[in-house]
Amino acid sequence: MRSDGAGSGGQGGSARETLAETDRARFADLLVLVATRQDRTAYAELFGYYAPRVKSYLMRLGADNAQAEEITQDVMVTVWRKAQLFDRAQASVSTWIFRIARNRRIDVFRRTKKPGLDPEEPMILPAAAEAPDARIEIMETETRIRAAMKDLPEEQLHLLRLAFYEGLSHREIADKLDLPLGTVKSRIRLAFGKMKARLEND
């Protein structure tokens, strides 16, 4: 027999709201365990629940399957690493995680709209100058720098993009790419060394 007949719709709605509130509290408790104890069991439960939902959300925003999968993995790594930033008094776990997902999607969209080597990238632009001859020299320098970057191996160029386009630290890059920190530092140092040698030769 059904105990929530047509005449008890309000009670059924109240029960669903209570259940939803219970779930919100449980997920918040799990995330607090991740933040305070790095509890892998709690994280596994959060991952199992939210990862497929985040991926579906990203695909609704226009990401293809591969891109949505990649961003989802990045989002869930962020959940693990930044769990201590969650404040249950300010937002639910769902709101917090989907905000991260939305921001990651925006970042990816902006990067894909940029050329592979952005001529406006502040890292590679010299300071502006007013004199016409100085502006000509700046343009020539920009051209040489872009040419030097194009000669870099893709793995080194990718690290430079993460460091300067996305503003990631060496440690964050190492975690993101699952590389030893020393490898990240040496590749970035090698990339700058190659660019410097190319520019000096020119």
Q. Tell me, Val77, Val54 in order of fewest to most beta-carbon neighbours within 10 Å?
A. Val77, Val54
Q: Evaluate E = 1/(1 + (r/R0)^6) for Ala91 and Met59, where r is the Cβ-Cβ distance and R0 equals 30 Å; express this FRET efficiency to the nearest 0.05.
A: 0.80
**Q.** Entries in Lys82/Lys185; Lys150/Lys185; Lys150/Lys194 that, when Cα-Cα distance is taken, lie over 18 Å
**A.** Lys82/Lys185; Lys150/Lys185
Q.
I need the calculated FRET efficiency for the pair Glu69 and Ser169, taking r as the beta carbon distance and R₀ as 22 Å, to the nearest 0.05.
A. 0.35
Q. By counting other Cβ atoms within 10 Å of each Cβ, how are Phe86, Phe27 ranked from fewest to most?
A. Phe86, Phe27
Q: For an R0 of 45 angstrom, estimate the FRET efficiency from the Cβ-Cβ distance between Arg40 and Phe192 and round to the nearest 0.05.
A: 0.75
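Coordinate-derived values only; no laboratory data. The structure presented is a predicted model; accordingly, all values stated were derived computationally and were not measured. Because the Cβ atoms are built from the backbone with ideal geometry, glycine has one as well, and the counts that use them run over all protein chains shown.
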